[in-house]
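Here's the structure we're looking at; comments come further down.
Nothing in this text is a laboratory measurement; each read-out follows from the coordinates by a stated rule. These numbers come from a predicted model, not from an experiment. Methodologically, a virtual Cβ is constructed for each residue, glycine included, from the backbone with ideal geometry; neighbour enumeration extends over all protein chains shown.
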């Protein structure tokens, strides 16, 4: 079998502690294309896997600032320029009365960005993922913890990597094809 | 149904009570929660759903009747031009505050007990905001030009008046609905993946496809969880000021006017406290039967109900303080009109409503000073109904008792609702319960992944002995010395 249609080797672990220690040892061994698949976020697993923090916050800040400017532009132009009118003793554009809507639009754009930005960074939605072919992977959303070393890892070797994962206590160690 | 032993051990204040009781592990938590949606539909569900859908159809009929005949079919008339529609709007939007409070504020305060009630409360929030949104929309009279409230070009070449609190409300409520729905959906995605995987395993391919579509291909990858947790944190941080802003802005609808009894600075905090109070009341009204009928005793424990009761006691007392402060300020201000408004409120033609409000909102939560009453689901359920009634009457009292006797005694009047008013309000419960029953039947009613995350075995260092910790400590010391 050519190396090109291999996606990676997947191993199953039965506790949060087991996946944590397996992840630590895998990255210590020099593997870099490693990921864990867990039913809930396991505390500290990102450090064990040497995965960096999320950059989502920066996108959200940009969208929030955009929301503030859009709200101010909208209210200034619509009530102050395009159709100015005096009402309730306030000037056509009266900044104190713009605060609530400015706040709401800041929250709205930030929130939409947080959700859709998160999905975009995770490259979701997608209809299929190779790892779903693993026989017991359906339990990753229930009570099992999976560790995958991908074939694109420079240290990846079909037999060595599989043996390594078994030595960590991984069960149902299996090759998954792309 | 199998009998589930209920644990009611005295809480040791020095030790945190377990969030999941009984001999549960990750597998059994998944089974309990997914089992609710997977088992055969109970007959009782069909019965309740039938009643709810009938009320929902009635709502549609009432709205149709209103649109064809105009708002004259309601009891609204000068001087009481704002009546039940605005009362019902504020009632429902207030209920819609508990969900976001639980999912956002309690998240930021690391209150882990929120995990067993946040999903259903968020669902409740969304359905309550839907029920709320109907009333101002149909209240405008000519509903076909409702788009004038949005900054869209229209046939008059005019833009909305952004200085009006009513327009702030349009932005606040629509933002709140959008963010609440997104927050709810984000929380649902990992649990929908659980439902997808279980349905696929059991060979229920239609269900697997349907859940899979909304699970968006979630794998539980740790890289995904990193972004996911960041998004959850950001949404919680955004929703916390949002939930406070929404009911503050609802209170501006009243407070920015110059009517005695409305024009007070206490309104925003007073409305927010009332909203939390009413929302937690409705959470109890929904969750106590759900816990009983769906067998969720070990996940929604008596400690959870106890905590909610404490929040009801706190917010109910805050609301009571606000009622008292309004009277004090009316007296202290020396403004005759303000004083009259409050004397009229407590002793005028609507005194009956005022004292129902005081009894339900201020007196009934005081029972929660007693621990045994806080841990009795029956007592909690009964008082939660009183809270719901009392908070509806609060909005009734604020709206009607201020308007019915305005500055000009010749135009004083007594407001009574019409049958259409009553049936429309009943219909809004039909919408709310129809949505909630569908949610209970088809979606994960508890946040599966979050409940697992607060169990002791979710900690990767769980089960390490004392010596092991010691060794870790030494290792860190050694590192520090290098």
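Summary table
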item: Rounded FRET efficiency, nearest 0.05, which uses the C-beta distance separating residue B:371 from residue A:47 and R0 of 30 Å; result: 0.10
item: Gain in span if fully extended, residue B:265 to residue B:457, counting 0.36 nm per residue against the direct Cα distance; result: 64.2 nm
item: Sequence-separation-based contact order of chain A, relative, with Cα cut under 8 Å and 6+ spacing, percent; result: 50
item: Fluctuation leader among A:12, A:104, A:24 - chain A, Gaussian network, Cα springs under 10 angstrom; result: A:104
item: Square roots of 5 times each gyration tensor eigenvalue, C-alpha, the stretch A:63-178, largest first, Å; result: 58, 13, 11
item: Structure-based [θ]222 nm, the protein assembly as shown - -39500 (n - 2.57) summed over DSSP H runs of at least 4, per residue, nearest 500; result: -19500 deg cm²/dmol
item: Cα→Cβ-extended label distance, 7 Å offset, between residue B:47 and residue A:160, nm; result: 6.8
item: Ascending count of other beta-carbon atoms within 10 Å, so fewest first, for B:452, A:90; result: A:90, B:452
item: For B:246, A:42, order by how many other beta-carbon atoms lie within 10 Å, fewest first; result: A:42, B:246
item: Cα centroid of the stretch B:353-413 to Cα centroid of the stretch B:155-230, whole Å; result: 34
item: Peptide ranges A:119-131, A:140-152, B:117-129 listed from the most packed, as the mean C-beta count within 10 angstrom indicates; result: B:117-129, A:140-152, A:119-131
item: Neighbouring partner chain Cβ atoms per residue of B:449-456, average, 10 Å criterion; result: 3
item: Max mean-square fluctuation residue, GNM over chain A, Cα-Cα springs under 10 Å, options A:83, A:37, A:93; result: A:83
item: Measure of compaction for the protein assembly as shown (Cα Rg per 2.2 N^0.38 Å); result: 1.07
item: Percentage relative contact order, chain B, counting C-alpha pairs under 8 Å, at least six apart; result: 30
item: Using a Förster distance of 60 Å, the FRET efficiency for residue A:135-residue B:140 (Cβ separation, nearest 0.05); result: 0.55
item: Rule-of-thumb Rg ratio for chain B [Cα; 2.2 N^0.38 Å; N residues]; result: 1.07
item: Pair residue B:205, residue A:82: separation of 7 Å Cα→Cβ label points (nm); result: 5.2
item: Exposure proxy order (Cβ contacts within 10 Å, fewest to most) of B:315, A:98, A:27; result: A:27, A:98, B:315
item: Linear extension gain, residue B:321 paired with residue B:340, 0.36 nm per residue minus alpha-carbon span; result: 4.9 nm
item: Label-point gap, in nm, between residue B:416 and residue B:258 - each point 7 angstrom along Cα→Cβ; result: 3.4
item: Calculated FRET efficiency for the pair residue B:363/residue B:216, C-beta based, R₀ 56 Å, to 0.05; result: 0.70
